[in-house]
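What follows is a single structure, written as structure tokens, with notes after it.
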Amino acid sequence: MTLRVAVVGGGPAGSCAAETLAKAGIETYLFERKLDNAKPCGGAIPLCMVSEFELPPHIIDRRVRKMKMISPSNVEVDIAIENPDEYIGMCRREILDAFLRDRAASLGAQLINGRVLEIKITENGKQPYKIEYSDMSSGGPEGVMKSLEVDLIVGADGFNSVVAKAIDAGDYNYAIAFQERIRIPDEKMKYYEDLAEMYVGNDVSTDFYAWVFPKYDHVAVGTGTMKVHQRDIKKLQAGIRARAHNRIEGGEIIKIEAHPIPEHPRPRRVVGRVALVGDAAGYVTKSSGEGIYFAAKSGRMCAEAIVEFSQGNTRVPTEADLKVYLKRWDKKYGITYTVLDILQRVFYASDATREAFVEMCADKDVQKLTFDSYLYKTVVPANPFIQLKITAKTIGSLLRGNALAP
């Protein structure tokens, strides 16, 4: 037999899943509605993703080694990565996504420029799943209606996931990310050559942060929040533009982007022979809002489970097999999501706690622990003395900022 798998969504999650499946000789169909799509995104990726997913140098626009944290009262704390071989990669999603998608296709995945409209599950999933889609390859606005039968489906189609709806995966809370790409004068762009900025305060986000991230020839200026209505996000965007005014003055807006971002995993991520990955599953972290690495990693881990349980393309993996992917995912990253959720609740709760958060970031031990955890996606073991020092520093910062006041 030849296993047939449809991967719906051609972002990092879907493309990395399709690549893994195609490498194993599984008949793989990768659906993407807009091949030139660029999801609104800060575009920061950890160093481990560059090596783990073999990203070539041209994917990385900027190698950020300095981060400036700016408090509600405009106290600035400079954070630097001291190892010259380490950096945070800044990329444009249209470049990254196209590379990953094209690589999957070059390895054998059949790339379909189409919009999945419906997934038909017959006989409680005992028969192949039937995908109804509009083939957009001809260039027409409506496309050509087609269908495809497959044994398994990987849903990597983001926030408004058609796959999630088909399996009644349940909803999740979401944040709104809003971003302007601004081309600033060359002399101002030099300031951001290897520097990114994060701003906190009620004026730029009521429960998250705002950013100025450098790209190839422009900066991305944006904010995110889940506590205001979508129409009010522009007020927060005006806040970050005002705070960063001197550094982006004279810039030209070249693109405006907005997108919902999941705040926690969906209640059901595997149903039958259908699995969700990336944003469709809800794999965006609190506190940092990071999702690119976790999307790519979840796609790969899901596909690896499919390859493993297909036993050399000789059997169709079951729901129980696919749930092994979930167990492995939750075991590996569950604590990360929990810790970052707590950090967001504590440090983004008020301007007082945000002041304490920025103050704490000035500590070198905190900086090293934070960067090591981000760059390599591992729980970095600090010795007991360092752990005690960081705990005391945290409490001290909160007390000095009256953040613990009733």
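The values are calculated or read from the model by the stated rules, or taken from the named source; none is laboratory data. It should be emphasised that the depicted structure is a prediction, and the values quoted were computed from it without experimental measurement. Cβ coordinates were reconstructed from backbone atoms using ideal geometry, including for glycine residues, and neighbour counts include every protein chain displayed.
Per-residue answers, yes or no, for (1) outside any strand (DSSP E or B); (2) assigned by TED's automatic domain parsing to the domain that holds G10; (3) surrounded by 20 or more Cβ atoms within 10 Å (Cβ to Cβ):
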{"position": "V221", "(1), (2), (3)": "no, no, yes"}
{"position": "G224", "(1), (2), (3)": "no, no, yes"}
{"position": "K227", "(1), (2), (3)": "yes, no, no"}
{"position": "D232", "(1), (2), (3)": "yes, no, no"}
{"position": "I254", "(1), (2), (3)": "no, no, no"}
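From Y174, Y129, grab the single residue that is among the aromatic types (F, W, Y), surrounded by 21 or more Cβ atoms within 10 Å (Cβ to Cβ) and either at negative phi or not assigned by TED's automatic domain parsing to the domain that holds C361 (or both).
Y129
Quick one: is G201 part of a loop (DSSP other than H, G, I, E, B) and at pLDDT 95 or above? Break it down stepwise before answering.
Values: part of a loop (DSSP other than H, G, I, E, B): yes; at pLDDT 95 or above: yes.
So G201 passes the test.
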Checked E180, E187 against criteria (under 21 Å from the mean Cα position of the chain (by Cα) and not basic (K, R)); the one match is E180
Within the group E94, E54, which residue is at pLDDT below 95, surrounded by fewer than 21 Cβ atoms within 10 Å (Cβ to Cβ) and not in a strand (DSSP E or B)?
E94
Check A238, A244 and return the single one that is buried (at least 21 other Cβ atoms within 10 Å of the Cβ), farther than 17 Å from D330 by Cβ, among the aliphatic types (A, V, I, L, M) and without any contact (Cβ under 8 Å) to a residue 60 or more places away in the chain.
A244
Of the numbered conditions (1) at pLDDT 95 or above; (2) under 21 Å from R92 (Cα atoms); (3) of a type in the set (D, E), E304 fails exactly one; give the number of that condition.
(2)
Which one of the conditions (1) part of a strand (DSSP E or B); (2) surrounded by fewer than 19 Cβ atoms within 10 Å (Cβ to Cβ); (3) under 19 Å from the mean Cα position of the chain (by Cα) does V7 fail to meet, given that it meets all the rest?
(2)
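Which ones in the range 132-166 are surrounded by 12 or more Cβ atoms within 10 Å (Cβ to Cβ), without any contact (Cβ under 8 Å) to a residue 40 or more places away in the chain and charged (D, E, K, R)? Reasoning before the result, please.
Pass one, the range 132-166, residues surrounded by 12 or more Cβ atoms within 10 Å (Cβ to Cβ): 132-137, 143-144, 146, 148-159, 161-166.
The next check asks that each one be without any contact (Cβ under 8 Å) to a residue 40 or more places away in the chain; those that pass are 132, 134-135, 137, 143-144, 146, 165.
Residues satisfying the conditions are E132, D135, K146, K165.
Please give the helices (runs of 4 or more DSSP H) falling wholly within the range 296-382 in which 2 or more residues are exposed (fewer than 14 other Cβ atoms within 10 Å of the Cβ) and assigned by TED's automatic domain parsing to the domain that holds L152. Outline the logic, then answer.
Details: elements: 319-347, 351-360, 364-376.
Answer list for the range 296-382: 319-347.
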Give me the pairs, please: first residue somewhere in the range 208-229 and under 25 Å from L343 (Cβ atoms), second residue anywhere and among the polar types (S, T, N, Q) and part of a strand (DSSP E or B), beta-carbon distance under 6 Å, and either six or more positions apart or on two chains.
F208/T225; A210/T223; A220/Q179; G222/Q179
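Quick check on my filter: what residues within the range 57-106 are among the hydrophobic types (A, V, I, L, M, F, W, C) and over 20 Å from the mean Cα position of the chain (by Cα)? Even if it seems obvious, please write down each step before you answer.
Let us first name the residues in the range 57-106 that are among the hydrophobic types (A, V, I, L, M, F, W, C), namely 59-60, 64, 67, 69-70, 75, 77, 79-81, 88, 90-91, 95-96, 98-100, 104-105.
Within the range 57-106, M69, I70, V75, V77, I79, A80, I81, A105 meet the criteria.
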Among the residues of the range 105-125, are any more than 23 Å from R273 (Cβ to Cβ) and in a helix (DSSP H, G or I)?
yes
Please verify whether Y191 is in contact (Cβ under 8 Å) with a residue 60 or more places away in the chain, within 30 Å of P84 (Cα to Cα) and aromatic (F, W, Y), treating the condition exactly as stated.
no
